[in-house]
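First the structure, in the form of structure tokens, and then the observations on it.
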Amino acid sequence: MPVGAIIEMTKDGKLTFTADLGGKELKVTGTYELKGDKLNLTMTIPEAKEPVKETLTVKSLSDEKLVTLDKDGKEDELTKKK
């Protein structure tokens, strides 16, 4: 995940991901569903012909932080923007 990326996850299961990739803004929209410790994402990426699906394992979740593991074991830590 690029440093400074912003992910907004709303209560109705929608998400928006915005990141600066070397001066070019990438904006991804999609949906999410949390089932147990699995975070299922379906994302519409501008360059992709079909939606991209990914399942992350939630390692920890609090009001301020979300830590996930992807299928390769890579850990991402997201903190709530203040």
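Read-outs throughout are calculated quantities, based only on the coordinates presented, and are distinct from any laboratory measurement. Owing to the predicted nature of the structure, the values given are computational and were not obtained by experimental measurement. Reconstructed Cβ throughout: ideal geometry from the backbone, glycine too, with neighbour counts over all protein chains shown.
Work out the FRET efficiency for V52 and V3 from their Cβ-Cβ distance, taking R0 = 30 Å, and round it to the nearest 0.05. Intermediate results must be reported in sequence, preceding the final value.
Numbers: r = 21 Å, r/R0 = 0.71.
Here the calculated transfer efficiency is 0.90.
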**Q.** Partners for K82 among aspartates and glutamates (Cα-Cα distance below 17 Å; same-chain residues under 8 apart left out)
**A.** E8, D63, E64
Q: Restrict the search to the chain; then list the GluC sites (Glu not before Pro) that DSSP places in a loop and that have at most 10 other Cβ atoms within 10 Å of their Cβ.
A: E47, E64
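Give me the percent relative contact order of the chain, please, defined on Cα pairs under 8 angstrom at least 6 residues apart.
Details: 147 pairs, mean separation 12.6, N = 82.
Over the chain, the number comes to 15 percent.
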**Q.** Summed residue charge, Cβ within 15 Å of E25's Cβ, Lys/Arg positive, Asp/Glu negative
**A.** -1
Q. Looking only at L39, L21, L69, which one moves most when the chain is put into a Gaussian network model with springs between Cα atoms under 10 Å?
A. L21
